[in-house]
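Enquirer: Following this message is one structure expressed as structure tokens.
The values are calculated or read from the model by the stated rules, or taken from the named source; none is laboratory data. Only a predicted model underlies this, so the values are computations on that prediction, with no experimental measurement involved. Cβ: placed from backbone, ideal geometry, glycine included. Neighbour counts: every protein chain shown.
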Amino acid sequence: MEKFGAILGKVWQLVVRRIDSYLMAAALAIAGVGMITLVSASDQSVARLTSQALSLGFALLLMWAIANIAPQRLARVALPLYVIAVALLIAVAVGGTLVNGSRRWLSIGIARFQPSELMKIALPLMLAWYFQRRETRIHLFDYALALLLIAVPVVLVRRQPDLGTALIIGATGFYVLYLAGLSWKIIIGLVALGAAAAPLIWPHLHDYQQERILTFLDPSRDPLGAGYHSSQASIALGSGGVIGKGWLNGTQTHLDFLPERHTDFIFAVFGEEFGLIGVSVLLLLYVLLIGRALAITMNASTTFTRLVSGAITLMFFTYAFVNMAMVSGLLPVVGVPLPLVSFGGTALISLFIGLGILMSVQANRKLVNT
């Protein structure tokens, strides 16, 4: 019996040896919050709960597998992974599955997935690999080429249309440029150029996207139309008070006032049922997750690992910040899910792959003599 226990102990050590316990604990806690909230947000739908649980199990398996791959091996697949992701986005544009007026998915047998989620990982890997190869001789041309590599998937995702995901992909790529040393003067110039180009971009936005922006600027513009999502989310959050209405007792949720409550607006469901105290706990969990990821980035030993881990860390921050600000009415509604909480298998899997990369970076850091 003791021998069997020793064998089990060795197997367990082999399984968890490259798993960062702090990152894992924070991620599982947030995912647990997501599952609990999804029970209420989905009206206790067994199908959705089962789907999310299976996706979570598969995501954890992939996270463990990625954590056990050395960063230098991840760097070798960066270029082909980016090419595959772009090819899949083109396949979506040509023959993707149409759902609610958007063409964002590819069907594979009994399941479907969003290639744009793969691009969220492929793009920072690609850019980090490129800048590591050029780290001793980075010129303005390199940043220009990197902007082109960012623009291709952003344009393809924007055409689906999926403005929220396009913005996240663009932001993730931009983080790599910033971490690679892009001058502040150029950054300010690009921001100014983007602001100046806004009137040219406006006509190319879809009607509903224009309405969302106009409604954000004037919430009373269309409270029963384009402003409905935002106003109902604000009501749900505010009605939760300090301690919330209790699990499964959210009136905005269960009286069907709150739209998209299991995906983009699940934060409103959580805030209504668990109140300010629950929201504060969730924010603390995100702070712990992002703080640990920042610590891993600071200890990264190569240019590639520093860039890719930094981009993934800031991607998590952007995801959480944009969703919470969107639900709270501080930003226009752009369709960004709450990381590790919102329903969606492909997004959950891509985020845990990102965590696996962070764990790989941490496990393969070089010890520095002090």
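Enquirer: Does residue 291 qualify as being without any contact (Cβ under 8 Å) to a residue 12 or more places away in the chain and either buried (at least 18 other Cβ atoms within 10 Å of the Cβ) or closer than 23 Å to residue 27 by Cβ (or both)?
Expert: So residue 291 passes the test.
Enquirer: Something else: Show the residue pairs that are 6+ apart or on different chains and have beta-carbon atoms under 7 Å apart, the first residue being within segment 236-253 and touching a residue at least 40 places away in the same chain (Cβ under 8 Å) and assigned to a loop (DSSP other than H, G, I, E, B), the second being hydrophobic (A, V, I, L, M, F, W, C) and buried (at least 24 other Cβ atoms within 10 Å of the Cβ).
Expert: 250/236; 250/269
Enquirer: So is residue 301 modelled with pLDDT under 95, farther than 26 Å from residue 118 by Cβ, assigned to a helix (DSSP H, G or I) and of a type in the set (S, T, N, Q) or not?
Expert: Considered against the rule, which asks whether it is modelled with pLDDT under 95, farther than 26 Å from residue 118 by Cβ, assigned to a helix (DSSP H, G or I) and of a type in the set (S, T, N, Q), residue 301 comes out as no.
Enquirer: Tally up the residues in segment 325-355 that are free of Cβ contacts under 8 Å to residues at least 60 places away in the same chain and within 16 Å of residue 104 (Cα to Cα), please. Please lay out each step first, then the result.
Expert: Here is the first cut: in segment 325-355, the ones free of Cβ contacts under 8 Å to residues at least 60 places away in the same chain are 325, 330.
Still in the list and also within 16 Å of residue 104 (Cα to Cα): none.
Counting residues in segment 325-355 that are free of Cβ contacts under 8 Å to residues at least 60 places away in the same chain and within 16 Å of residue 104 (Cα to Cα) gives 0.
Enquirer: Could you tell me how many of the residues in segment 254-288 are within 17 Å of the chain's Cα centre (by Cα), part of a helix (DSSP H, G or I) and buried (at least 24 other Cβ atoms within 10 Å of the Cβ)?
Expert: Qualifying residue count for the region: 2.
Enquirer: Among all residue pairs at least 6 apart or on different chains, which show Cβ distances below 8 Å where the first residue, located in segment 166-194, is under 24 Å from residue 354 (Cβ atoms) and in a helix (DSSP H, G or I) and the second is at pLDDT below 85 and of a type outside the set (Asp, Glu)?
Expert: So the pair list comes out as 167/334; 178/187.
Enquirer: Have a look at 250, 244, 238 and point out the one that is in contact with a Gly (Cβ under 9 Å, 6 or more places away or on another chain), more than 22 Å from residue 322 (Cβ to Cβ) and modelled with pLDDT under 90.
Expert: Numbers: 244 fails: modelled with pLDDT under 90; 238 fails: more than 22 Å from residue 322 (Cβ to Cβ).
Just one listed residue meets the conditions, 250.
Enquirer: Which of the residues that make up segment 304-324 are surrounded by 21 or more Cβ atoms within 10 Å (Cβ to Cβ), of a type in the set (Val, Ile, Thr) and in contact (Cβ under 8 Å) with a residue 60 or more places away in the chain?
Expert: Within segment 304-324, 305, 308, 312, 322 qualify.
Enquirer: Among the strands (runs of 3 or more DSSP E) confined wholly to segment 40-115, which include 1 or more residues that are among the basic types (Lys, Arg) and surrounded by 13 or more Cβ atoms within 10 Å (Cβ to Cβ)?
Expert: On the way: elements: 97-99, 102-108, 111-113.
Filter on segment 40-115 gives 102-108, 111-113.
Enquirer: Could you tell me whether any residue of segment 141-158 is more than 22 Å from the chain's Cα centre (by Cα), assigned to a helix (DSSP H, G or I) and touching a residue at least 24 places away in the same chain (Cβ under 8 Å)?
Expert: The answer is yes; a qualifying residue exists.
Enquirer: So which residues in segment 127-145 are surrounded by fewer than 16 Cβ atoms within 10 Å (Cβ to Cβ) and either of a type in the set (Asp, Glu) or on the phi > 0 side of the Ramachandran plot (or both)?
Expert: 135
Enquirer: Would you call residue 361 more than 12 Å from the chain's Cα centre (by Cα) and either outside any helix (DSSP H, G or I) or touching a residue at least 40 places away in the same chain (Cβ under 8 Å) (or both)?
Expert: Yes.
Enquirer: Being at pLDDT 95 or above and not polar (S, T, N, Q) is true for just one of 278, 335. Which residue is that?
Expert: Working: 335 fails: at pLDDT 95 or above.
Going through 278, 335 in turn, the sole match is 278.
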